[in-house]
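Colleague: Submitted below is the structure of interest, expressed as structure tokens.
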Amino acid sequence: MPRVTVTVDGITYQEEVEPRLLLVHLLRERLGKTGTPVGCDTSNCGACTVMLDGKSVKSCSVLAVQADGSDVVTIEGLGANGSMHPMQRAFHEEHALQCGYCTPGMVMAAIDLLRDTPEPSEEAIRQGLEGNLCRCTGYCNIVRAVRRGAQEMGQAVKSS
């Protein structure tokens, strides 16, 4: 079996994996990163979105062997020193979740959106999140949360 080396949330792991093992299953079953849910296993819902080398990917569409040598950030790796990331805090404060199943993927996709578009319009937010489905909220609070998170992240960058 192939051996992969992957850094997840700042910790480097070496694992023997079957060539067909999906990254989402490596994260959850082998590394205990259960904050990344398995949604649909078909890349339709986006619940399993993580950052792979700085870009958001649906971890159910990436083989673990493809992540060899990569840096992965999960929802659990966003906060620092026990604090929530500004986008996580914005989702909480704007009540941008109901059941919460899609929230990890939404947060990760939103952060990736802001990398290229730090001050997105409502249309840009909706377009940027279109690969992530929420069946509960109607997206209004999610859009508000992304706007708030963008403002807080911009302020954090400016004050650094």
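The values are calculated or read from the model by the stated rules, or taken from the named source; none is laboratory data. Computed from a prediction, not measured in an experiment: that's the story for all the values here. Glycine gets a Cβ as well: all are built from the backbone with ideal geometry, and neighbour counts include every protein chain shown.
Colleague: Could you please give the count of residues in the stretch 89-134 that are more than 23 Å from C40 (Cβ to Cβ) and touching a helix residue (DSSP H, G or I) at 6+ places or on another chain (Cβ under 8 Å)?
Modeller: Residues of the stretch 89-134 that are more than 23 Å from C40 (Cβ to Cβ), as a first pass: 89-90, 92-95, 114-124.
Narrowing the set further to residues that are touching a helix residue (DSSP H, G or I) at 6+ places or on another chain (Cβ under 8 Å) leaves 89-90, 93-95, 114, 117-120, 122, 124.
Of the residues in that region, 12 qualify.
Colleague: Further question on the same structure: Please tell me if S43 is touching a Cys at 6+ places or on another chain (Cβ under 7 Å), among the hydroxyl-bearing types (S, T, Y), more than 21 Å from G149 (Cα to Cα) and at pLDDT 95 or above. Explain how you work it out, then say what you get.
Modeller: Working: touching a Cys at 6+ places or on another chain (Cβ under 7 Å): yes; among the hydroxyl-bearing types (S, T, Y): yes; more than 21 Å from G149 (Cα to Cα): yes; at pLDDT 95 or above: no.
When the stated conditions are applied, S43 does not pass them.
Colleague: If you go through the stretch 32-69, how many residues are of a type in the set (K, R) and in contact with a Ser or Thr (Cβ under 7 Å, 6 or more places away or on another chain)? Full working, then the answer.
Modeller: First, pick out the residues of the stretch 32-69 that are of a type in the set (K, R): 33, 55, 58.
Imposing the further condition that a residue be in contact with a Ser or Thr (Cβ under 7 Å, 6 or more places away or on another chain) reduces the set to 33, 58.
Residues that pass the stated criteria total 2.
Colleague: In addition: Test Q98 against the criterion of being more than 14 Å from the chain's Cα centre (by Cα), surrounded by 13 or more Cβ atoms within 10 Å (Cβ to Cβ), part of a loop (DSSP other than H, G, I, E, B) and not acidic (D, E), and give yes or no. Spell out the reasoning first.
Modeller: Working: more than 14 Å from the chain's Cα centre (by Cα): yes; surrounded by 13 or more Cβ atoms within 10 Å (Cβ to Cβ): yes; part of a loop (DSSP other than H, G, I, E, B): yes; not acidic (D, E): yes.
Answer is yes for this residue.
Colleague: Can I ask one more? When the residues of the stretch 40-67 are filtered to those that are exposed (fewer than 15 other Cβ atoms within 10 Å of the Cβ) and among the charged types (D, E, K, R), which remaining residue is nearest to the chain's Cα centre (by Cα)?
Modeller: That would be K55.
Colleague: Right, next: Where residues in the stretch 18-33 are out of contact with any Phe, Trp or Tyr (no Cβ under 8 Å at 6 or more places or on another chain) and part of a loop (DSSP other than H, G, I, E, B), which of them is surrounded by the most Cβ atoms within 10 Å (Cβ to Cβ)?
Modeller: This residue is K33.
Colleague: Identify, from the list T36, T42, the residue that is part of a loop (DSSP other than H, G, I, E, B), within 25 Å of G138 (Cβ to Cβ) and in contact (Cβ under 8 Å) with a residue 60 or more places away in the chain.
Modeller: Details: T42 fails: in contact (Cβ under 8 Å) with a residue 60 or more places away in the chain.
From the options T36, T42, the qualifying one is T36.
Colleague: So H92 ticks every box in (1) out of contact with any strand residue (DSSP E or B) (no Cβ under 7 Å at 6 or more places or on another chain); (2) over 27 Å from Q151 (Cβ atoms) but one. Which box is left unticked?
Modeller: (2)
Colleague: If you don't mind, another one. Determine, yes or no, whether Q66 is over 16 Å from M106 (Cβ atoms), assigned to a helix (DSSP H, G or I) and outside the structural domain of P104 (by TED's automatic domain parsing). Walk me through how you get there before you give the answer.
Modeller: On the way: over 16 Å from M106 (Cβ atoms): yes; assigned to a helix (DSSP H, G or I): yes; outside the structural domain of P104 (by TED's automatic domain parsing): yes.
Yes: the conditions hold for Q66.
Colleague: Taking the condition buried (at least 20 other Cβ atoms within 10 Å of the Cβ), in contact (Cβ under 8 Å) with a residue 24 or more places away in the chain and in contact with a strand residue (DSSP E or B) (Cβ under 7 Å, 6 or more places away or on another chain), does G105 pass? Don't jump to the end; show me each part of the working.
Modeller: Values: buried (at least 20 other Cβ atoms within 10 Å of the Cβ): yes; in contact (Cβ under 8 Å) with a residue 24 or more places away in the chain: yes; in contact with a strand residue (DSSP E or B) (Cβ under 7 Å, 6 or more places away or on another chain): yes.
When the stated conditions are applied, G105 passes them.
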